[in-house]
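To keep things clear, I will list the structure first and then write my remarks on it.
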Amino acid sequence: MSDIVFLSTADWDNPFWTNKQYVAIELAKRGHRVIYIESLGLRRPTLSNRDISRIGRRLKRGLKAPRLVRENLWVWSPLVLPFQKYSIIRALNRILISIGIGIWSRILCLRPDVIWTYNPMTTQFMDVRGYRHSVYHCVDEVRAQPGMPVAEIEQAERRLMKDVEFCFVTAQSLLDARRQENPNTYYFPNVAEFEHFAKARSDLLPPPLDIGPRTKPRIGFIGAISSYKVDFQLLCKMASMHKDWEIILIGQVGEGDPSTNVSMLSEYENILLIGPRDYKDLPAYLKTFDVAVLPCLINDYTRGMFPMKFFEYLAAGKPVVSTDLHALRSYADIAVIADSHEAFLRGVEDAVDGKVPPIERRIAAAKEQTYEIRTDKMLALIAETSGSAL
């Protein structure tokens with residue numbers, strides 16, 4: 001079994017797990033020993049309390065050894081300098097990361113011969129050509145996020161696409177762009193932890209106590225509540241037109257964009273921002289939703305996004321209404337993919353009235369899209385294409 005350097009763009013304990021944590025776990029389950037490197041902070045830091053607190057946490061963790069979080073899986077928080085825009089900073093970070101990987105690999109008796117990265121600037125921190133296998137898992141258009149060093153990311157990602165052995169993407173638009181740089185680019189959409197979210201369909205699961213009993217139709221969203229991702233105007237329009245609905249928003253305000261201002265949402269009594277909730281508790285909240293929504297803005301970032309919540313909602317058995325995300329158009333037979341605010345509102349109205357695709361079809365679609373199945377497919381493709389298993 002290979003030992004893997006896993007270069008993430010998310011901290012392990014982020015309240016909303018993404019591809020990075022789940023894929024690392026799946027690789028570790030299969031016997032690979034994985035050193036998970038937490039986010040290197042591509043976005044320039046701000047003076048917000050959240051960024052300052054995160055820097056403080058990273059300073060503390062950076063002085064500690066990698067921590068074992070699962071069998072075969074260690075998490076390392078390297079000490080790196082912020083402001084990746086500057087070449088001298090990136091050069092110093094390259095030295096820090098290279099030395100750190102070498103030291104901790106020897107201490108943990110690891111011999112990493114595979115790199116699996118989510119960071120488009122990986123080549124600024126290490127040479128991927130020195131590994132037996134290299135995978136760039138492109139799950140977002142990172143450069144389109146607020147505060148990113150766009151020019152530096154574009155240049156580094158072009159280099160990465162030339163050097164890496166495989167590129168896996170989660171949206172068609174990402175496939176179209178990356179395949180021009182590397183023919184070994186393949187599409188694997190985002191998936192869900194099916195069994196976890198299927199708990200929402202159990203009569204034995206008690207509802208959460210902090211949002212009270214459902215007395216009116218409840219429309220729910222779970223995810224990062226950030227101004228570059230969520231269409232606040234759409235939510236306000238829905239709240240204004242349907243004061244008889246309760247709109248529940250679960251998630252961290254300003255995740256990825258500390259400048260996010262939600263004051264316009266707070267003006268509506270029927271919009272409830274209840275903050276993030278533990279992953280283990282999300283099925284209980286989903287259970288109380290009549291309709292699960294994805295009110296996403298359409299922009300350069302979301303055009304390359306496949307929301308993980310889509311299959312999580314379906315696994316919970318909920319009808320889904322989404323704005324017109326390119327990645328979801330092929331699922332228009334099991335969800336409403338709305339190309340305007342008016343179509344979105346009609347879709348939610350129909351769902352509240354019970355005009356939805358059969359629940360059996362929604363659940364069947366989610367059951368085919370799990371981390372176990374997708375990881376098996378990715379590893380099989382690597383073995384078949386390269387002639388060498390991971």
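From the list 25, 107, 35, 95, pick out the single residue that is open to solvent by 50 Å² or more (accessible area, probe 1.4 Å), at pLDDT 85 or above, more than 25 Å from residue 149 (Cα to Cα) and not small (Gly, Ala, Ser).
Answer to the selection: 107.
What strands (runs of 3 or more DSSP E) completely inside the stretch 284-350 contain at least 3 residues that are open to solvent by less than 10 Å² (accessible area, probe 1.4 Å)?
Of the strands (runs of 3 or more DSSP E) lying wholly inside the stretch 284-350, those with at least 3 residues that are open to solvent by less than 10 Å² (accessible area, probe 1.4 Å) span 291-294, 320-323.
Of the residues that make up the stretch 282-292, is at least one touching a strand residue (DSSP E or B) at 6+ places or on another chain (Cβ under 8 Å) and among the small types (Gly, Ala, Ser)?
yes
Enumerate the pairs (first residue in the stretch 307-326 and under 21 Å from residue 238 (Cβ atoms) and charged (D, E, K, R); second residue anywhere and open to solvent by 20 Å² or more (accessible area, probe 1.4 Å) and in a loop (DSSP other than H, G, I, E, B)) with beta-carbon separation below 6 Å, excluding pairs fewer than 6 apart on the same chain, so at least 6 apart or on different chains.
The qualifying pairs are 324/339.
Applying the selection to the stretch 160-173, what residues are outside any helix (DSSP H, G or I) and open to solvent by 40 Å² or more (accessible area, probe 1.4 Å)?
Once the filter is applied, which keeps residues that are outside any helix (DSSP H, G or I) and open to solvent by 40 Å² or more (accessible area, probe 1.4 Å), the stretch 160-173 yields only 165.
Pairs only if they're at least six apart or on different chains, beta carbon under 9 angstrom, first in the stretch 214-225 and closer than 13 Å to residue 255 by Cα, second open to solvent by less than 10 Å² (accessible area, probe 1.4 Å) and among the acidic types (Asp, Glu); list them, first residue then second.
These pairs meet every condition: 222/312.
Condition first: charged (D, E, K, R) and either assigned to a helix (DSSP H, G or I) or without any contact (Cβ under 8 Å) to a residue 12 or more places away in the chain (or both). Now tell me which residues in the stretch 135-159 satisfy that.
Within the stretch 135-159, 143, 152, 154, 157, 158, 159 meet the criteria.
Just to check your reading of the model, which residue among 210, 203, 176 is closer than 24 Å to residue 318 by Cβ, more than 17 Å from the chain's Cα centre (by Cα), free of Cβ contacts under 8 Å to residues at least 60 places away in the same chain and open to solvent by 20 Å² or more (accessible area, probe 1.4 Å)?
It is 203.
Consider residue 258 carefully, then state whether it is closer than 26 Å to residue 193 by Cα, open to solvent by 10 Å² or more (accessible area, probe 1.4 Å) and touching a residue at least 24 places away in the same chain (Cβ under 8 Å).
Judged against the criteria, residue 258 is not a match.
For the stretch 238-249, state whether one or more residues are open to solvent by less than 20 Å² (accessible area, probe 1.4 Å) and either among the hydroxyl-bearing types (Ser, Thr, Tyr) or within 19 Å of the chain's Cα centre (by Cα) (or both).
Yes, that holds for at least one residue.
Quick check, is residue 68 outside any loop (DSSP other than H, G, I, E, B), modelled with pLDDT of 70 or more and over 21 Å from residue 135 (Cβ atoms)?
Considered against the rule, which asks whether it is outside any loop (DSSP other than H, G, I, E, B), modelled with pLDDT of 70 or more and over 21 Å from residue 135 (Cβ atoms), residue 68 comes out as yes.
For every residue, the table says whether it meets (1) surrounded by fewer than 12 Cβ atoms within 10 Å (Cβ to Cβ); (2) in a loop (DSSP other than H, G, I, E, B); (3) at pLDDT below 80; (4) out of contact with any Cys (no Cβ under 7 Å at 6 or more places or on another chain).
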| site | (1), (2), (3), (4) |
| --- | --- |
| 57 | no, no, yes, yes |
| 60 | yes, no, yes, yes |
| 78 | no, yes, no, yes |
| 85 | no, yes, yes, yes |
| 102 | yes, no, no, yes |
| 113 | no, no, no, yes |
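In the stretch 1-19, what count of residues is obtained for those that are closer than 25 Å to residue 94 by Cβ, of a type outside the set (S, T, N, Q) and at pLDDT below 95?
Within the stretch 1-19, residues that are closer than 25 Å to residue 94 by Cβ, of a type outside the set (S, T, N, Q) and at pLDDT below 95 number 3.
State which residue pairs qualify: first residue farther than 21 Å from residue 41 by Cβ and inside the stretch 87-114, second residue part of a loop (DSSP other than H, G, I, E, B) and open to solvent by 70 Å² or more (accessible area, probe 1.4 Å) in any location, beta carbons under 8 Å apart, and separation of 6 or more residues or different chains.
So the pair list comes out as 105/111; 113/132; 114/132.
The values are calculated or read from the model by the stated rules, or taken from the named source; none is laboratory data. Model, not experiment: these values are computed from the prediction. A quick note on method: Cβ atoms are made from the backbone with ideal geometry, for glycine too, and the neighbour counts reach across all protein chains shown. These area figures cover heavy atoms from the full protein model, side chains too; ligands, DNA and RNA do not enter into them. Shrake-Rupley method; radii C 1.70, N 1.55, O 1.52, S 1.80 Å.
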